[in-house]
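Working notes for the structure below.
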Amino acid sequence: MNEIHVGLRGTKEIVVTEKDLASVTGNIGAEVLSTHNVVLLMELASRSALEGLLPEGKMTVGTRIDIRHFGAVPLGARVRAESILTAITGRRLVFDVMAYDDFEKIAEG
């Protein structure tokens, strides 16, 4: 089995649906991808970097998030998150994450 090591990469992609919009969670009038869904996409990309590498029954969870979300993405647009494992300290893993729509980077952290 491969080991968890710095440099592992993961990706996750979605198409923005109504349930992903900021307006659904109370930001009335903001018909764009919500920040919390950007964070979720980044977490899922990070988890995908470790796919098949964790012991049976184990998983990762986010405990610290530090991102900038600077691009609005409308309903129907495609968004891709990329994650790179940059540091390992004991059981703590640190990832650099980026998210892109079809035109530009929309978030990083």
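Kindly indicate whether Ile28 is within 20 Å of Arg9 (Cβ to Cβ) and among the hydrophobic types (A, V, I, L, M, F, W, C). No; evaluated as a whole, the condition is false for this residue.
Would you mind stating whether Thr11 is touching a residue at least 60 places away in the same chain (Cβ under 8 Å), among the polar types (S, T, N, Q) and under 23 Å from Ile88 (Cβ atoms)? The answer is yes for Thr11. Can you pull out every residue in segment 58-109 that is open to solvent by less than 40 Å² (accessible area, probe 1.4 Å), touching an Asp or Glu at 6+ places or on another chain (Cβ under 9 Å), of a type in the set (Val, Ile, Thr) and within 19 Å of Ala30 (Cβ to Cβ)? Matches in segment 58-109: Val73, Val79. Scanning segment 1-27 for residues that are among the charged types (D, E, K, R) and within 18 Å of Ala77 (Cβ to Cβ) yields Lys12, Glu13, Glu18, Lys19, Asp20. Mind checking whether some residue in segment 44-53 is modelled with pLDDT under 95 and open to solvent by less than 80 Å² (accessible area, probe 1.4 Å)? The answer is yes; a qualifying residue exists.
Please find, within segment 27-43, the residue that is surrounded by the fewest Cβ atoms within 10 Å (Cβ to Cβ) out of those that are aliphatic (A, V, I, L, M) and within 19 Å of Ile67 (Cα to Cα).
Step one: list which residues in segment 27-43 are aliphatic (A, V, I, L, M), which gives 28, 30, 32-33, 38-42.
Remaining after also requiring within 19 Å of Ile67 (Cα to Cα): 32-33, 38-42.
Numbers: Val32: 19, Leu33: 27, Val38: 23, Val39: 19, Leu40: 16, Leu41: 23, Met42: 27.
Applying the filter and picking the extreme gives Leu40.
Residues that are under 14 Å from the mean Cα position of the chain (by Cα) and open to solvent by 80 Å² or more (accessible area, probe 1.4 Å) were ranked within segment 13-26; the one that is nearest to Ile84 (Cα to Cα) is Glu13.
The values are calculated or read from the model by the stated rules, or taken from the named source; none is laboratory data. Values in this document were obtained by computation on a predicted structure and should not be read as measured data. All Cβ positions, even for glycine, are placed from backbone atoms using ideal geometry, and neighbour counts span all protein chains on display. With ligands, DNA and RNA removed, areas are computed over all heavy atoms of the protein, side chains included. Shrake-Rupley method; radii C 1.70, N 1.55, O 1.52, S 1.80 Å.
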